[in-house]
1. Return the residues of the range 37-53 that are closer than 17 Å to MET113 by Cα and open to solvent by 20 Å² or more (accessible area, probe 1.4 Å); say none if nothing qualifies.
2. Of these, VAL214, VAL220, VAL315, VAL284, which one is β-branched (Val, Ile, Thr) and at pLDDT below 85?
3. If we keep just the residues of the range 10-36 that are among the small types (Gly, Ala, Ser) and under 19 Å from LEU140 (Cα atoms), which is most open to solvent (accessible area, probe 1.4 Å)?
4. Go through the range 253-302 and give me each residue that's of a type in the set (D, E, K, R), touching a helix residue (DSSP H, G or I) at 6+ places or on another chain (Cβ under 8 Å) and either part of a helix (DSSP H, G or I) or closer than 19 Å to ALA217 by Cα (or both).
5. What about ILE249, is it farther than 30 Å from ILE322 by Cβ and either open to solvent by less than 50 Å² (accessible area, probe 1.4 Å) or at pLDDT 85 or above (or both)?
6. Report the residue count in the range 125-160 for those that are modelled with pLDDT under 65 and either within 20 Å of HIS115 (Cα to Cα) or among the charged types (D, E, K, R) (or both).
7. Which of the residues belonging to the range 190-217 are of a type in the set (A, V, I, L, M, F, W, C) and either in contact with a Gly (Cβ under 7 Å, 6 or more places away or on another chain) or over 15 Å from LEU267 (Cβ atoms) (or both)?
8. Sort out which residues of the range 167-180 are at pLDDT below 80 and either open to solvent by 20 Å² or more (accessible area, probe 1.4 Å) or hydrophobic (A, V, I, L, M, F, W, C) (or both), and write them in order of number.
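The values are calculated or read from the model by the stated rules, or taken from the named source; none is laboratory data. Just so it is clear, the model here is predicted, and its values are computed rather than measured. Positions of Cβ are generated from backbone atoms using ideal geometry, with glycine treated the same way; all protein chains shown enter the neighbour counts. Accessible surface areas use protein heavy atoms only, side chains included; no ligands, DNA or RNA. Shrake-Rupley method; radii C 1.70, N 1.55, O 1.52, S 1.80 Å.
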Amino acid sequence: MIPGFANRRRFKDLSEQEILALAISSEEDDARIYRSYAERLRADYPASAAVFDGMASEEDEHRRRLIDLHSARFGKVIPLIRREHVSGYYGRRPVWLIENLGLERIREEAAQMEHDAERFYTMAAAQSTDAATRKLLGDLAAAEASHSETADALAEEHLGSDEKTAEENAAHRQFVLTWVQPGLAGLMDGSVSTLAPIFAVAFATQDTWTTFLVGLAASVGAGISMGFTEAASDDGQLSGRGSPIKRGIAAGVMTTIGGLGHALPYLIPEFWTATITAFFVVFVELWAIAWIQNRYMQTPFLRAAFQVVLGGALVFAAGALIGSG
């Protein structure tokens with residue numbers, strides 16, 4: 001038996017006082033979550049932070065109405081019951097799992113929170129026999145359902161076209177700094193720097209399995225090195241480049257992928273078939289790098305393609321010459 005689950009109450013077994021207490025604690029938690037989102041966003045997205053401040057205030061008002069009803073019906077002592085005490089009750093992901101995933105992810109999480117709360121109040125209202133309680137729970141269900149409209153109204157109040165454009169630009173810039181730049185650097189390093197050892201071994205031995213093992217070792221080793229180097233080089237506090245862990249993952253994974261791209265064809269036993277396939281993969285990798293530079297770094301495509309292809313050709317030539325010698 002899973003520890004803790006046996007002690008959970010079923011929702012249908014809760015008394016009306018316990019349902020009100022559960023609603024109160026849930027509103028308190030949601031208000032805290034919205035305020036945490038607001039604080040997380042305030043420095044970079046002040047207008048969106050104001051939207052979440054407004055949503056937290058809405059939750060505070062719901063909590064106040066619930067407490068007033070509980071005091072009128074059951075007195076001022078509210079039983080301690082929380083989400084984790086009720087079997088099947090919707091949970092909330094820890095804030096730290098969401099807050100670093102970007103503005104749009106936080107907005108999506110908030111929308112899901114409102115949907116979960118609406119469903120809870122609808123079920124709670126259906127289970128209540130007291131007219132005043134049923135009315136309040138039904139009103140709160142309607143309020144949670146309309147919170148998307150409330151959020152839109154708050155967004156219109158705080159997010160003008162200039163503010164929205166500025167926030168979108170800031171979010172795009174942060175995405176580029178945290179994911180695209182280190183990932184691109186890793187892809188370039190993995191795709192270009194591993195060309196020499198892989199093709200040197202290929203032409204020196206003409207043994208596809210040995211070439212694959214060397215390529216695998218070079219790719220994984222370069223990925224680990226790039227990942228740790230990126231993560232250790234800048235904590236992101238002053239540069240604003242974001243989490244060093246995210247940047248390290250982006251650089252490390254893309255470096256490994258870049259190297260494995262032209263190492264995997266050497267799983268093909270026939271040497272020239274594997275080598276021609278590897279040539280094609282290298283061509284695709286280099287053009288992908290040029291496209292990413294053009295798409296996210298605003299580098300003119302032809303210039304990016306020339307730089308990448310020239311660099312790749314030089315490294316390949318060095319590997320082929322060394323291997324042939």
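1. ASP53
2. VAL315
3. Applying the filter and picking the extreme gives SER15.
4. GLU285
5. Details: farther than 30 Å from ILE322 by Cβ: yes; either open to solvent by less than 50 Å² (accessible area, probe 1.4 Å) or at pLDDT 85 or above (or both): yes.
Considered against the rule, which asks whether it is farther than 30 Å from ILE322 by Cβ and either open to solvent by less than 50 Å² (accessible area, probe 1.4 Å) or at pLDDT 85 or above (or both), ILE249 comes out as yes.
6. Of the residues in the range 125-160, the ones modelled with pLDDT under 65 are 148-160.
Restricting the remaining residues to those that are either within 20 Å of HIS115 (Cα to Cα) or among the charged types (D, E, K, R) (or both) gives 148-157.
Residues flagged as modelled with pLDDT under 65 and either within 20 Å of HIS115 (Cα to Cα) or among the charged types (D, E, K, R) (or both) within the range 125-160 amount to 10.
7. Residues satisfying the conditions are VAL192, LEU195, ALA196, ILE198, PHE199, ALA200, VAL201, ALA202, PHE203, ALA204.
8. GLU168, ASN169, ALA170, ALA171, HIS172, ARG173, GLN174, PHE175, VAL176, LEU177, TRP179
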